[in-house]
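Novice: Take a look at the following structure, please.
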Amino acid sequence: MGANGILCARHENDEYSFKHVPPYRTEIATANGAGDAGMAAITWSFFDNPDRDLEEVGKIAQAASSIALECTKAVPDITVERIRKKMSGEIEPLLDEVRTA
């Protein structure tokens with residue numbers, strides 16, 4: 001969903017759940033690798049805690065993508081600590097600036 005965030009989905013016990021997670025405020029340096037960083041964060045999140053809340057998984061992915069967007073290096077230094085700092089509330093999600101189609 002790009003600038004509109006991420007739509008998270010889970011299928012458990014024959015039921016689907018969905019959660020929209022908006023992006024974090026980000027000073028974009030480059031878009032290279034942002035989606036890959038988000039997908040890697042989702043994968044890490046699952047292996048770290050398969051029962052993690054769906055919204056938290058989305059926030060972890062959005063934080064990793066935001067960090068990648070702000071980095072000018074070919075391989076951004078994305079760590080769990082940086083992800084937690086991004087999610088800590090220091091930087092608010094772009095709730096009022098979400099683009100609509």
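Novice: Taking only Cα atoms and a 10 Å spring cutoff, compute GNM fluctuations for the chain and point out the largest among VAL80, VAL21, VAL57.
Specialist: Residue with maximal mean-square fluctuation among VAL80, VAL21, VAL57: VAL80.
Novice: Can you pull the Kirkwood radius for the chain, inverse mean 1/r over Cα pairs, to one decimal in Å?
Specialist: Taking the inverse mean of 1/r over all distinct Cα pairs, the chain comes out at 13.8 Å.
Novice: Then there is this: Using alpha carbons only, how many angstrom separate the centre of the stretch 1-21 from the centre of the stretch 29-88?
Specialist: If you average the Cα positions of each part, the centres end up 16 Å apart.
Novice: As a check on your grasp of the helix formula, calculate [θ] at 222 nm for the chain: sum -39500 (n - 2.57) over DSSP H runs of n ≥ 4, divide by the residue count, round to the nearest 500.
Specialist: Mean residue ellipticity, 222 nm, calculated: -12500 deg cm²/dmol.
Novice: If Rh is defined by the Kirkwood formula over all Cα pairs and Rg also comes from Cα, what ratio Rg/Rh do you get for the stretch 1-60?
Specialist: Taking Rg over the Kirkwood Rh, I get 1.00.
Quick note: the coordinates plus some simple rules give every number you see, no bench work behind them. Only a predicted model underlies this, so the values are computations on that prediction, with no experimental measurement involved.
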